[in-house]
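Student: Starting off with a structure, shown below.
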Amino acid sequence: MGAMTLITVAPTGAESAKADVPALPVTLDELVQTAKNCEAAGAAVVHVHIRDDSARPTLDLARLRDTVQALRESTGLIVQLSTGGAVTDPYEDRLRVLEAAPDGCSLTCGTVNFGDEVFMNPWPFMVELYRRTRELEIVPEFELFDLGQVAALHRLLDKHGAPYGGRVHCDLVMGVPGGMPGDTRTLVAAVDALPEGATWSATGVGRTSLPVMFAALSAGGHLRVGMEDTLTYARGEAVASNAQLVERAAAIARFAQRPPMDAAAAREFLGVRPR
Ligand code: KMH
Ligand code: ZN
């Protein structure tokens with residue numbers, strides 16, 4: 001079998017308001033339906049942020065547990081919970097996310113300016129989160145918003161050993177105002193700096209979505225798409241649904257002779273514990 005593309009969908013995020021973006025999945029039913037549609041379109045991983053009854057971001061543990069269970073019942077997707085949450089979430093709440101027992105979680109490798117705000121990931125928090133992923137057998141995905149975070153990932157692995165599952169998989173999050181730009185030369189520099197043997201996906205926020213997608217495919221990487229990162233499909237055209245973004249990514253991956261990986265193959269690829 002030739003090389004395949006892991007597609008992750010990040011359908012919701014913590015930044016957009018439902019009132020501004022009606023297509024954003026914010027209820028459990030909307031999230032589950034979105035996940036099913038995205039799996040059918042070629043996604044293998046879902047990166048999950050949830051909302052409360054008022055559609056505001058929450059890290060409520062009972063809701064997170066219900067979400068993990070519902071996604072497992074309705075899809076074969078690998079369920080990756082965000083430990084980034086919203087920029088206002090306290091560290092303790094972000095650590096507690098792991099108690100919802102997802103397959104995987106995000107782990108951002110450093111603090112970064114995030115638009116007008118700051119996304120805080122100080123070293124002691126990273127280390128404690130990493131320690132808990134190993135203890136609870138949850139596969140971390142290392143989120144890298146700039147090149148300094150790549151250096152911090154090396155430091156984490158050098159000091160604290162390999163992740164649960166034995167694979168190092170990273171996601172380059174590019175084009176955040178305050179982080180690394182979403183262009184090919186920066187992507188190549190980041191990929192060159194990754195730990196030996198690491199695999200990686202890339203996502204370009206906003207208008208960097210397509211350049212980053214093409215650069216990632218040409219450099220042998222994998223893709224993350226979704227309304228967490230991208231709300232405009234084309235000039236002047238709002239994204240209609242997360243599945244629309246996954247369909248486009250899957251089509252481009254097929255053109256590149258790197259068709260989407262299904263969830264079973266992705267489990268093996270990421271070292272995720274069998275269900
Ligand atoms: N919402 C951002 C502050 C993650 O999910 O781990 C952080 C974020 C990263 O989305
Ligand atoms: Zn996220």
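The values are calculated or read from the model by the stated rules, or taken from the named source; none is laboratory data. Only a predicted model underlies this, so the values are computations on that prediction, with no experimental measurement involved. Every residue, glycine as well, gets a Cβ built from its backbone with ideal geometry; the counts of neighbours run over all protein chains shown. Surface areas here come from the heavy atoms of the whole protein model, side chains and all, with no ligands, DNA or RNA. Shrake-Rupley method; radii C 1.70, N 1.55, O 1.52, S 1.80 Å.
Student: With n ≥ 4 as the cut-off for DSSP H runs, can you work out [θ] at 222 nm for the chain, using -39500 (n - 2.57) per run divided by the number of residues, rounded to the nearest 500?
Tutor: One gets -11500 deg cm²/dmol as the mean residue ellipticity at 222 nm.
Student: Express as a percent, rounded to the nearest 5, the fraction of DSSP beta bridges in the chain (both residues included) that run antiparallel.
Tutor: 20
Student: At a 10 angstrom cut-off on C-beta neighbours, averaged per residue, how do the peptides 174-185, 42-53, 111-122 rank from highest to lowest?
Tutor: Listed from highest to lowest mean packing, they are 42-53, 174-185, 111-122.
Student: May I ask which residue of Gln69, Met180, Ala44 lies farthest towards the positive end of the charge dipole of the chain, with charges of +1 (Lys, Arg) and -1 (Asp, Glu) on Cβ and the Cα centre as origin?
Tutor: Ala44
Student: Also, quick follow-up: Find the all-direction average of the projected area of the Cα convex hull for the range 15-172, expressing the result in square nanometres with one decimal place.
Tutor: Mean orientational projected area (the range 15-172, Cα hull): 9.3 nm².
Student: What is the packing order of peptides 208-218, 146-156, taking the mean over residues of other C-beta atoms within 10 Å and listing the highest first?
Tutor: For the peptides 208-218, 146-156, the packing ranking is 208-218, 146-156.
Student: Right, another one. So, for the chain, what is the accessible surface per residue at a probe of 1.4 Å, expressed in square angstrom?
Tutor: It amounts to 42 Å² per residue over the chain.
Student: First obtain the Kirkwood hydrodynamic radius of the range 1-63 from its Cα pairs, then insert it into the Stokes-Einstein equation at 37 °C and 0.692 mPa s, and state the resulting D in µm² per second as a whole number.
Tutor: 259
Student: Size of the dipole of the chain about the Cα centre, Lys and Arg at +1 and Asp and Glu at -1 on the beta carbon, nothing else charged, in debye to 20?
Tutor: 580
Student: Expressed as a whole percentage, what fraction of the accessible surface of the chain belongs to carbon and sulfur atoms when a 1.4 Å probe is rolled over the protein heavy atoms?
Tutor: Here it works out to 52 percent.
Student: While we're on this one: If amide H atoms are built 1.01 Å from N in the plane of the peptide, which residues on other chains or at least 5 residues away come under 5 Å of the amide H of Thr58?
Tutor: Correct list: Ile50, Arg51, Asp52.
Student: Regarding the range 180-225, what whole-number volume in Å³ per residue does the convex hull of its Cα atoms give?
Tutor: Dividing the Cα hull volume of the range 180-225 by its residue count gives 63 Å³.
Student: Here's a follow-up. For the range 7-270, what is the convex hull (Cα atoms) projected area averaged across all directions, in square nanometres? Can you show the working numbers first?
Tutor: On the way: hull surface 49.3 nm².
Value for the range 7-270: 12.3 nm².
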